[in-house]
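In what follows, a single structure is set out as structure tokens and then discussed.
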Amino acid sequence: MGGLLELEGLTRRFGSITALDDLSFSVQAGHVVGFLGPNGAGKTTAMRAVFGLTDLDSGEVRWKGEAVGQSARRRFGYMPEERGLYPAMLAGEQVQYLARLHGLTPSDAAASSRAWLERLGLGDRVGSRVDSLSHGNQQRVQLAAALAHAPELLILDEPLAGLDPAGIEAIGSVLVEQAGQGCCVLFSSHQLDLVEDLCESVVIIDHGRLVVSGTVDELATRGARRLVVRVDGDRAGEWAVGLAGVTVSEAERGALRLVLEEGTDSDVVLRAAMAAGRVTEFVFERRRLSEVFREAMREAEPEPEPQPQPEPLAEEEPERGRSGATVDGGER
């Protein structure tokens, strides 16, 4: 597959549940990759597999072409969805302790932990207990712990969940900065607009299987044309319903996003919009990541299994008497 991080044919079952189903994808150096899927798709299980935190039934995780072992994992940084901080420890001591577990000397760990907490806006909270910090600041401490040992691979499970805009900007800028320095960055999120802004590439999975992957630009320009139309005073977009070759994708704050089938004449759409009112916007746009995601989920839905048809009931034969006559007296 060619990436620094390669997941090849990962399969993991929990009883009758298949969490990962022959999942394969790779992450390039210097890329921020969004790892997307609905709840229960298998994202967390795949991330845990990279760190050896779940046993695989089959498949392999490779780093730089070699099977991942403990020495390689010491160069990885991980931010789990369920935060792994010790509540009673001081923020600075927590980050320093975790950095030492990754092999840093006491002096290097102390310097790096302080530098990262300051970089993330927590320089004045180094001596605060973790459980005295807000949710957003605990997120920042967890990210500092994932970064303090200068990892080559950074994996983050829902790092933006529950953050205010300032926290999102702070963490997002760090992810882009790390990728710019050559780090592999893979993170999961349900905030698709933020993923679209931060990521070069995305991987979308469902039911443990790869559904679609590619660069954001490739996915945004793939498929049917997208047209955004805004008609003054019209917020529902009823005028577009039923137009041949046109599907309403979204109606948001008066802007209608339309999907045009191949061969559909946009002038026909324009005339229909003008008949509904004054047209204030009429422009072709790329697919949003939210549209890519929804279409991928629709395509991933399994075909409904055909239901067995009941066999027709056989007609009952009338009961015969010994002479061959039926019980109602008729002859056969």
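The values are calculated or read from the model by the stated rules, or taken from the named source; none is laboratory data. Keep in mind it's a predicted model, so treat the numbers as computed, not measured. Neighbour counts are summed over all protein chains in view; Cβ atoms, including those assigned to glycine, are modelled from backbone coordinates with ideal geometry. Just so you know, the surface numbers come from the protein's heavy atoms only, side chains and all, with ligands and any DNA or RNA stripped out. Shrake-Rupley method; radii C 1.70, N 1.55, O 1.52, S 1.80 Å.
So which pairs qualify, if the first residue must be in segment 100-113 and farther than 10 Å from Ala150 by Cβ, the second must be small (Gly, Ala, Ser), the Cβ gap must be under 6 Å, and the two must be at least 6 apart or on different chains? These pairs meet every condition: Arg100/Ala109; Ala109/Ala99; Ser113/Gly92; Ser113/Ala99; Ser113/Ala148.
The strands (runs of 3 or more DSSP E) falling completely within segment 158-275 that include 1 or more residues that are of a type in the set (D, E, K, R) map to 201-206, 209-215, 225-231, 246-252, 255-260.
Just one residue in the set Arg125, Arg75 is crowded, with 18+ Cβ neighbours inside 10 Å, among the basic types (Lys, Arg) and either touching a Pro at 6+ places or on another chain (Cβ under 9 Å) or farther than 30 Å from Phe293 by Cα (or both); that residue is Arg125.
Going through (1) within 17 Å of Ala46 (Cα to Cα); (2) in contact with a Pro (Cβ under 6 Å, 6 or more places away or on another chain); (3) of a type in the set (Asp, Glu) one by one, Asp206 falls short only on (2). Can you confirm whether Ser58 is in contact (Cβ under 8 Å) with a residue 12 or more places away in the chain and open to solvent by 50 Å² or more (accessible area, probe 1.4 Å)? Against the criterion (in contact (Cβ under 8 Å) with a residue 12 or more places away in the chain and open to solvent by 50 Å² or more (accessible area, probe 1.4 Å)), Ser58 qualifies. Within segment 208-233, the set of residues being of a type outside the set (A, V, I, L, M) and open to solvent by 40 Å² or more (accessible area, probe 1.4 Å) comprises Arg209, Ser213, Thr215, Asp217, Glu218, Thr221, Arg222, Gly223, Arg225, Arg230, Asp232, Gly233.
Residues that are open to solvent by less than 70 Å² (accessible area, probe 1.4 Å) and touching a residue at least 24 places away in the same chain (Cβ under 8 Å) within segment 242-263 comprise Leu243, Ser249, Glu250, Gly254, Ala255, Leu256, Arg257, Leu258, Val259, Leu260, listed in sequence order.
Any residue that is exposed (fewer than 11 other Cβ atoms within 10 Å of the Cβ) and more than 23 Å from the chain's Cα centre (by Cα) - is there at least one of those in segment 286-303? No, segment 286-303 contains no residue that is exposed (fewer than 11 other Cβ atoms within 10 Å of the Cβ) and more than 23 Å from the chain's Cα centre (by Cα). Of the residues in segment 142-165, at least one is without any contact (Cβ under 8 Å) to a residue 24 or more places away in the chain and either under 25 Å from Pro87 (Cα atoms) or surrounded by fewer than 17 Cβ atoms within 10 Å (Cβ to Cβ) (or both).
Just one of the listed residues (Asp206, Asp232) is in contact with a helix residue (DSSP H, G or I) (Cβ under 6 Å, 6 or more places away or on another chain) and not aliphatic (A, V, I, L, M), and it is Asp206. Here Ile205 meets the list (1) surrounded by fewer than 23 Cβ atoms within 10 Å (Cβ to Cβ); (2) β-branched (Val, Ile, Thr); (3) within 24 Å of Phe25 (Cα to Cα) almost entirely, failing just condition (1).
Here Val68 fits the description: of a type outside the set (Ser, Thr, Tyr), crowded, with 17+ Cβ neighbours inside 10 Å and in contact with a Gly (Cβ under 8 Å, 6 or more places away or on another chain). The number of residues in segment 2-39 being more than 19 Å from the chain's Cα centre (by Cα), open to solvent by 40 Å² or more (accessible area, probe 1.4 Å) and closer than 24 Å to Glu200 by Cα comes to 3.
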